[in-house]
Amino acid sequence: MAKNEIVASIDVGTTKVCSIVANAGYGGGLQVLGVGVTPSQGLHKGLVVNIAEAKQCIRESVRRAEQASGLRIESAYVGVTGRHISSLNNRGVVAIPRSDRLVRPDDLRRVLRTARTVAVPNDRKLLHVIPRGYALDGQVGVKNPVGMHGFRLDVETHVITAAVASVQNLVKCIRGVGVDIEDLILEPLASGEAVLRADEREAGVVLADIGGGTTDIAIFKDGSIWHTSILPVAGYQITRDIAIGLGLPFDVAEQMKIRYGSVMPIYNGKEEETTLHVENGYSISYRDLCAIVRARLEEILKLVALELPGAEYVKEVPAGLVLTGGSSNLLGIEALGQEVLGLPVRVGVPTGVYGITDILPDPAYATSVGLLLWATRGHEGEQSWQPRGLGEAFRRLFFRMRSVLLR
Ligand SMILES: Nc1ncnc2c1ncn2[C@@H]1O[C@H](COP(=O)(O)OP(=O)(O)OP(=O)(O)O)[C@@H](O)[C@H]1O
Ligand SMILES: [Mg+2]
């Protein structure tokens, strides 16, 4: 990667939009130059439901990141989520036709192209085709076959598709604020980049990013992605349960959850009967608040368990469950996770960046940071969302020329 390569990401979450500008130029590290965060509007369960409102907060978030960094965001890596996402594991095979039978990079591209030929209905599009592993003449477990010899090259891939309409709405919002899209990245893949260790991915690990509107799941095994899934329930539902259960306005319930939310009504080692007061006159029982948080969180964790590979999952994912996303800040979530899933559980905070990162070491920013890490860690060949057609090519050229002229 060239020196001083500026990259940007926009994480359009259900509760906040976070834009980050970073320098990916030096020694593989990512230096954050500016962050812009605004509360979201016009989003529901990870999807754009009001373009004008969504555009407004994306614009504001981009503006803040630009102001903080002193740079213009011309293009960005953007996260995608929502229950319209679906995934499957597919295979591809090609022959190595040349007499030396040497596998070249072009053969990898060819075999990935064959794995891409899954029947995708018109209303869906491919988001990612990620190679999980190769086999050369039947010998499985080959990580990189380039330079090896063989007659037949097989690839196993993880294929992720998204609903065209949902993607188009998001794309329209981002472009509507004058930012071009470098690539669209499935959010749990991004979060995984920011919070998982290589040894966890190798052993087998489940990642659950419990955000505001969605719980994004990714399961890794043998160093590569094995399963992805998006559940349309997360922190918003916890707050709504508190609001309805305790008769509070939504914003007061949110405030109470963030300030006191826990899976057990225990303070300093002993059970508390405390009544909690909020400035504007509301008061609630701490025990009731925790009981509601626990019930909803337990339900979310049970839904995560349903995504795991069969009854023997404990053996498949020995590195356990890594929780991230804003809702993983709830006190006691690790112990509850262990109880529900019978797996080791830890909360993952994003790492891998330096610079002006004041607010970023919080699980809520796993996706935002991960989008940049994904972009800079050589996943280029795995992304398949590409603007198509000549019109698009000209438009991209225009964006690039404009960015050169404005510098
Ligand atoms: N300290 C905290 N304690 C409890 N909950 C918290 C805390 N901080 C944030 N949350 C909750 O986390 C959720 C927001 O998380 P996050 O920022 O990861 O979501 P998002 O990216 O905006 O949404 P999504 O990814 O679901 O579209 C909200 O429901 C919020 O109430
Ligand atoms: Mg999120």
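The values are calculated or read from the model by the stated rules, or taken from the named source; none is laboratory data. Note that the structure is predicted; figures quoted are calculated from it, not measured. Cβ placement follows ideal geometry from the backbone for every residue including glycine, while neighbour counts extend to all protein chains displayed.
Scanning for something in contact with a helix residue (DSSP H, G or I) (Cβ under 8 Å, 6 or more places away or on another chain), within 17 Å of T367 (Cβ to Cβ), outside the structural domain of I10 (by TED's automatic domain parsing) and part of a strand (DSSP E or B), does segment 191-206 turn up at least one residue? Yes, the conditions are met somewhere in segment 191-206. Looking for something within 15 Å of ligand 1 (Cβ to nearest atom) and assigned to a strand (DSSP E or B) - is there at least one such residue anywhere in segment 21-30? No, there is no match, as no residue in segment 21-30 is within 15 Å of ligand 1 (Cβ to nearest atom) and assigned to a strand (DSSP E or B).
Against the list (1) under 20 Å from the mean Cα position of the chain (by Cα); (2) buried (at least 16 other Cβ atoms within 10 Å of the Cβ), the condition N89 fails is (2).
Screening segment 214-229 for residues that are buried (at least 24 other Cβ atoms within 10 Å of the Cβ) and farther than 16 Å from T157 by Cα and picking the one that is farthest from ligand 2 (Cβ to nearest atom) gives T215. For segment 60-80, check the following and say yes or no: at least one residue is under 21 Å from L231 (Cβ atoms), not in a strand (DSSP E or B) and not assigned by TED's automatic domain parsing to the domain that holds Q237. No.
Only one entry of A68, A119, A115 meets the criterion of being under 23 Å from S9 (Cα atoms) and among the hydrophobic types (A, V, I, L, M, F, W, C), and that entry is A68.
The sole residue among S75, S9 that is within 30 Å of T157 (Cα to Cα), touching a Leu at 6+ places or on another chain (Cβ under 6 Å) and modelled with pLDDT of 95 or more is S9. Restricting attention to segment 207-248, the residues that are without any contact (Cβ under 8 Å) to a residue 40 or more places away in the chain and assigned by TED's automatic domain parsing to the domain that holds L321 total 6.
Restricting the search to segment 290-331, which residues are among the acidic types (D, E) and either on the phi > 0 side of the Ramachandran plot or buried (at least 22 other Cβ atoms within 10 Å of the Cβ) (or both)?
In the first step, residues of segment 290-331 are kept if they are among the acidic types (D, E); the result is 298-299, 307, 312, 316.
If the condition is that a residue be among the acidic types (D, E) and either on the phi > 0 side of the Ramachandran plot or buried (at least 22 other Cβ atoms within 10 Å of the Cβ) (or both), then no residue fits.
Looking only at residues in segment 42-59 that are within 15 Å of ligand 2 (Cβ to nearest atom) and not in a strand (DSSP E or B), the one that is nearest to R175 (Cα to Cα) is I58. Here no helices (runs of 4 or more DSSP H) wholly within segment 269-380 include at least 3 residues being in contact with a Cys (Cβ under 8 Å, 6 or more places away or on another chain).
Is segment 126-135 home to any residue that is surrounded by 15 or more Cβ atoms within 10 Å (Cβ to Cβ), of a type in the set (A, V, I, L, M) and free of Cβ contacts under 8 Å to residues at least 24 places away in the same chain? Yes, segment 126-135 contains a residue that is surrounded by 15 or more Cβ atoms within 10 Å (Cβ to Cβ), of a type in the set (A, V, I, L, M) and free of Cβ contacts under 8 Å to residues at least 24 places away in the same chain. Considering only residues in segment 31-50 that are under 20 Å from G325 (Cβ atoms) and polar (S, T, N, Q), the one that is nearest to ligand 1 (Cβ to nearest atom) turns out to be S40. Taken over segment 57-86, residues that are among the polar types (S, T, N, Q), closer than 21 Å to G211 by Cα and buried (at least 16 other Cβ atoms within 10 Å of the Cβ) amount to 2. Being more than 19 Å from the chain's Cα centre (by Cα), away from ligand 2 (no atom under 16 Å from the Cβ), crowded, with 22+ Cβ neighbours inside 10 Å and at negative phi is true of V179.
Within segment 92-115, being under 25 Å from the mean Cα position of the chain (by Cα) and surrounded by 15 or more Cβ atoms within 10 Å (Cβ to Cβ) holds for L112, A115. Cβ separations smaller than 8 Å between residues 6+ apart or across chains give no pair from segment 329-342 residues that are over 14 Å from I300 (Cβ atoms) and not assigned by TED's automatic domain parsing to the domain that holds G310 to residues that are of a type in the set (F, W, Y) and within 16 Å of ligand 2 (Cβ to nearest atom). Among the residues making up segment 127-168, those that are of a type in the set (S, T, N, Q) and assigned to a helix (DSSP H, G or I) are S166, Q168. In this structure, does T81 turn out to be in contact with an Asp or Glu (Cβ under 8 Å, 6 or more places away or on another chain) and either aliphatic (A, V, I, L, M) or within 15 Å of ligand 2 (Cβ to nearest atom) (or both)? Answer is yes for this residue.
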